[in-house]
Amino acid sequence: MAVTNVRSGTNVHEIADDIHRINTPVEIPGAGGSSFNQYLIKDGEPLSFHTGLRKRFALVREAVASVIPVESVRHIAFSQVEADECGSLNDWLRAAPHAVPLCGTVAATVSVEDLAVRAFGRSS
């Protein structure tokens, strides 16, 4: 496991061949510790799963950059529209100019077509 930001504790761990977990620990007042996780699949067309919160974009970007060039990300996938899963979607679309968001039809129709700064792909 490589710590990519000492201040936040953000780290990257290769959990399987070419599959990396990006983890940022957080303290929640009165509730103890937790963490936010994103996943990066290093491939011919790299995929990032969950973008993380918009305010933590720089931390996640720094972690991704420790594995691959950020601009090489081609797919940004998430399972539902919530801040921790797609909050920094537009930051990623700007940082990775050839990337497209991937989401389900309901999420695309209800939210992502309006939120995303660029066209998207849909999963079933």
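The values are calculated or read from the model by the stated rules, or taken from the named source; none is laboratory data. Predicted model, so just to flag it, every value in this text is computed and none were measured. Cβ placement follows ideal geometry from the backbone for every residue including glycine, while neighbour counts extend to all protein chains displayed. Heads up: the accessible areas ignore ligands, DNA and RNA and are worked out on the full protein's heavy atoms, side chains in. Shrake-Rupley method; radii C 1.70, N 1.55, O 1.52, S 1.80 Å.
Could you tell me whether any residue of region 107-116 is part of a helix (DSSP H, G or I), in contact with a Phe, Trp or Tyr (Cβ under 8 Å, 6 or more places away or on another chain) and within 18 Å of S35 (Cβ to Cβ)? Scanning region 107-116 turns up no residue that is part of a helix (DSSP H, G or I), in contact with a Phe, Trp or Tyr (Cβ under 8 Å, 6 or more places away or on another chain) and within 18 Å of S35 (Cβ to Cβ). Among the residues of region 56-86, those that are over 21 Å from A16 (Cα atoms) and at pLDDT 95 or above comprise R56, F57, A58, L59, E71. With respect to being in contact (Cβ under 8 Å) with a residue 24 or more places away in the chain and open to solvent by less than 20 Å² (accessible area, probe 1.4 Å), L53 falls outside the description. Within the set R94, R61, R74, R118, the sole residue that is open to solvent by 40 Å² or more (accessible area, probe 1.4 Å), among the basic types (K, R), touching a helix residue (DSSP H, G or I) at 6+ places or on another chain (Cβ under 8 Å) and under 26 Å from N5 (Cβ atoms) turns out to be R61.
A31 satisfies every condition listed in (1) free of Cβ contacts under 8 Å to residues at least 40 places away in the same chain; (2) surrounded by fewer than 20 Cβ atoms within 10 Å (Cβ to Cβ); (3) in contact with a His (Cβ under 8 Å, 6 or more places away or on another chain) except (3).
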